[in-house]
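The values are calculated or read from the model by the stated rules, or taken from the named source; none is laboratory data. Remember, predicted model here, so these are calculated numbers, not experimental data. Cβ coordinates were reconstructed from backbone atoms using ideal geometry, including for glycine residues, and neighbour counts include every protein chain displayed. Keep in mind that these areas ignore ligands, DNA and RNA; they rest on the heavy atoms of the full protein, side chains included. Shrake-Rupley method; radii C 1.70, N 1.55, O 1.52, S 1.80 Å.
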Amino acid sequence: MGLQNTNPTTTVAWRKLQNHFSQMQNNSIKEMFENDASRANNFHIKWNDFLVDYSKNNINQETIDLLLELAQEVNLKEAIAKYFQGDLINQTENRAVLHTALRSSKDKTILVDGKNVIPEIFEVKNKIELFSNEVISGERKGYTGKPFTDVVNIGIGGSDLGPAMVVEALQYYSNHLKVHFVSNVDGDHINEIIKKLNPETTLFVIVSKTFTTQETLTNSETIRTWFLSRKFGTAKQEDVAKHFVAVSTNIQKVTDFGIDSNNIFPMWDWVGGRFSLWSAVGLTISLAVGFENFDDLLKGANQMDEHFSETKFDQNIPVVLALLSIWYNNFFGAESEALIPYTQYLQKLAPYLQQGIMESNGKSIDRDGKMVNYQTGTIIWGEPGTNSQHAFFQLIHQGTKLIPTDFIGYVKPLYGNKDHHDKLMSNFFAQTEALLNGKSEEQVMEEFEKQGISGEKAKFLKPFKVFTGNKPTNTILVDKLTPKSLGSLIALYEHKIFVQGVIWNIFSYDQWGVELGKQLANSILEDINTSEIKKHDSSTTFLLKHFLAK
Ligand code: F6P
């Protein structure tokens with residue numbers, strides 16, 4: 001039922017890739033372009049409204065062939081089938097990984113423990129639709145009979161990042177509801193949000209798969225106390241039911257909190273937190289942009305699912321991008337990847353994918369329980385262009401580290417401001433060109449001549465002005481930022497995560513690494529509450545003493 005266990009470094013393809021790497025490592029991408037006029041034509045994929053150009057990479061056809069051989073040797077095809085059909089591929093938690101089922105069509109049958117889950121998925125979707133429509137239209141009202149004006153999503157990690165990213169990304173499609181996100185247990189965070197709210201007209205959506213997360217429970221309790229406080233309104237205990245709804249798998253705990261059973265939106269243990277925005281965790285998205293747009297987001301993701309599961313690998317966007325990432329991570333030793341969307345709307349995409357990518361593939365034990373002897377999860381980071389150009393691009397252009405970068409851009413802007421958009425996109429194209437070509441000594445000297453710089457000054461300045469170029473990039477050019485295209489884009493990266501996890505022979509869908517810190521925080525909280533410092537290392541004891549003395 002699980003995935004095939006293969007240490008990728010023992011495959012024939014891996015050995016061939018190592019040899020191939022020694023021939024490629026000092027290659028000039030620029031020269032490969034000069035020698036082959038059809039390079040862009042050979043290394044791109046067109047799909048729906050996406051154009052993915054991966055020609056600006058240090059690859060040739062042999063690289064792609066060998067990477068595809070690697071995918072074949074680890075049995076990626078079979079793994080994809082298992083992923084989509086609900087096999088228990090999350091073996092350490094004995095669960096299926098079925099976020100793809102959440103966006104699949106009504107006529108599909110997807111079995112979990114012998115039961116088709118599609119009908120219950122659609123039941124919850126109907127509930128989301130009904131509820132969103134009632135709140136948006138004003139039919140559903142607060143305890144004083146006023147329609148809702150504000151929605152607060154209370155959750156953290158996967159119960160926050162996905163909805164927060166999508167609500168920000170789709171704000172062009174939003175309605176009158178003002179949407180806020182409370183995640184951090186930092187009391188200052190919640191206070192800054194609360195001060196903008198009126199309890200009479202605010203709806204609270206508590207999102208927690210487990211309903212045991214310290215941050216979310218603490219924030220929910222603080223908000224409930226605030227809601228019931230005479231200082232701010234006249235709400236009584238029974239009014240909590242009108243203003244608080246919850247998304248969770250833990251129905252008992254939600255009911256104990258005082259939430260009306262009609263106001264519970266269930267989810268399932270086969271939906272991982274960081275892949276859950278397609279479930280009722282996306283309720284806040286549906287409230288912010290309306291159910292139709294939420295459903296379009298799901299449809300876009302479903303289209304990418306179909307592309308991923310049905311397209312042969314050399315034309316398969318998530319597969320190709322995952323393999324390229326393996327090429328740099330495991331052969332070139334690149335430690336991180338940057339993600340640069342040329343739209344301010346996607347400013348939360350990198351933080352969102354940081355959880356998706358790093359919580360999933362930040363593992364060092366393989367599926368046989370052994371320590372891996374190769375690199376796994378990449379570090380992901382990024383910010384929108386052009387802002388990032390004025391912040392950290394210097395390091396990508398002239399630093400010592402290799403940072404493969406994905407550029408994401410849109411052909412059409414949403415407001416049609418052509419002047420701005422042409423300037424934005426000329427930067428988008430210019431950066432990948434600059435990263436590819438760099439600037440040669442000759443070009444620098446030519447510039448100096450034009451600027452009247454010569455002699456000692458020119459000699460001194462020259463090395464600083466030369467750019468080596470040869471920095472790999474992928475360009476993902478999409479027609480327009482719509483709910484559908486956003487759904488496809490997110491699903492693309494989800495599947496890239498999956499492919500990499502399969503090749504690295506790790507379990508991508510658990511997150512045991514975050515548990516230890518949670519346990520220790522609970523025990524330190526006890527120390528703080530009792531002012532009795534238990535046994536810690538001397539640094540932690542020293543710091544706690546300082547904290548408690550103030
Ligand atoms: O701390 C990690 C984590 O378990 C994430 O995987 C998850 O998205 C987040 O905490 C929140 O969990 P929950 O939805 O159960 O509150």
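Structure summary
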read-out: Cα-based helix-to-principal-axis angle, 76-85 vs the chain, degrees rounded to 10; value: 20 degrees
read-out: Heavy-atom surface of the range 131-179, accessible at 1.4 Å and reported per residue (Å²); value: 36 Å²
read-out: Spherically averaged projected area in nm², based on the convex hull that wraps the Cα atoms of the chain; value: 30.9 nm²
read-out: Cα gyration tensor shape of the range 410-510, rounded if a/c is under 1.5, else prolate or oblate by comparing a/b with b/c; value: oblate
read-out: Rounded percent of accessible protein surface that carbon and sulfur make up, the chain, 1.4 Å probe; value: 51 percent
read-out: Distance in nm between pseudo-label sites at Leu414 and Glu449 (7 Å out along the Cβ direction from Cα); value: 4.9 nm
read-out: Cα-centre dipole for the range 112-221 with unit charges at Cβ (Lys and Arg positive, Asp and Glu negative), debye to 20; value: 300 debye
read-out: Computed E for Glu69/Phe547 - FRET, C-beta separation, R0 45 angstrom, nearest 0.05; value: 0.20
read-out: Rounded to the nearest 20 debye, dipole of the chain from Cβ charges on Lys, Arg, Asp, Glu; value: 800 debye
read-out: Residue-count net charge about Leu67 - beta-carbon cut-off 15 Å; Lys, Arg +1, Asp, Glu -1; value: 0
read-out: Where the range 191-244 is the region considered: accessible area per residue in Å², 1.4 Å probe; value: 46 Å²
read-out: Per-peptide average of other Cβ atoms within 10 Å, ordering 35-41, 493-499, 19-25, 476-482 highest first; value: 493-499, 476-482, 19-25, 35-41
read-out: Exposure rank, largest accessible area first [Asp49, Asp366; 1.4 Å]; value: Asp49, Asp366
read-out: Among 393-401, 263-271, the order from most to least packed when residues are scored by Cβ within 10 Å on average; value: 263-271, 393-401
read-out: Nearest 10 degrees, 0 to 90: helix 317-326 Cα axis against the chain principal axis; value: 70 degrees
read-out: Å² per residue, accessible surface of the range 396-550 at 1.4 Å; value: 55 Å²
read-out: Cα gyration tensor, the range 235-293 - rounded (a/c under 1.5), prolate or oblate; value: oblate
